[in-house]
Amino acid sequence: MDTKHCAVDGWVDAVPVPGPRDTVSFDLVVRPADIDALDDDSPDTVVTCTSGDPWITYELLNGIQPGDLLRAIGTLVQPPVPGEPARLTVDALEVLDTALVPVLREMVLDRFGDYVVIFDADRDQVPVFTAYGAWVGLADNPDTIAHLIDIHERVNGGDA
């Protein structure tokens, strides 16, 4: 497996997604500098990014939206199978430009004090995280969010 430390500039393709053990993942759409030399139907390059850094996780879950232009710096791993996206483990993140208008789609993020929930129109279940991106749990429906947060605070001493 070939690895390389590098910086990748690209646009966020979709809302970053929290992962296990306080991680976050997102896809960057990368276009080459010589885009005019390529055919119009050439596919974009997609780099799948992950990070476990608490600051990067927080920023991605709270401040980044689709269309933002980012510089992600980290270790790039080439895919073992051609055609799969490359993977970048992000150590540093810089926002180069923001999207002009916030993009709201089928999902809506909402705050419950020190907690963040993600409402998805296609699902009854509601993922719940701390404001810093730590996984709390999956509420069965919006009515059970408060109960899930209450259990989390009792188990963790009231700190989000």
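The values are calculated or read from the model by the stated rules, or taken from the named source; none is laboratory data. Bear in mind that the values here come from a model prediction, so they are computed numbers and not experimental data. Heads up, the Cβs are rebuilt from the backbone with ideal geometry, glycines too, and the neighbour counts pull from every protein chain shown. The protein model used for the area step is the full one, side chains on, heavy atoms only, and it has no ligands, DNA or RNA in it. Shrake-Rupley method; radii C 1.70, N 1.55, O 1.52, S 1.80 Å.
Side notes on the structure shown:
- Estimated from helices alone, the mean residue ellipticity of the chain at 222 nm is -4000 deg cm²/dmol (sum of -39500 (n - 2.57) over DSSP H runs with n ≥ 4, per residue).
- Taking all protein chains together, R111, R154, R21 sort by accessible area into R21, R154, R111, largest first [probe 1.4 Å].
- Accessible surface computed residue by residue for the chain, with neighbouring protein chains in place and a 1.4 Å probe, gives 62 Å² per residue.
- Cα-based radius of gyration of region 55-134 once divided by 2.2 N^0.38 Å, which approximates compact folds: 1.31
- Portion, in percent, of the accessible area of the chain that falls on carbon or sulfur, probe 1.4 Å: 52
- Annotation note: chymotrypsin sites (Phe, Trp or Tyr not before Pro) in region 64-141 located in DSSP loop regions with a Cβ neighbour count of at most 15 within 10 Å are Y132.
- Where V30, V117 fall by accessible area, highest first, once all protein chains stay in place (1.4 Å): V30, V117
- Among the listed values [x] 17.1; [y] 18.4; [z] 16.1, the one computed from these coordinates for Kirkwood radius over Cα pairs in Å is [x].
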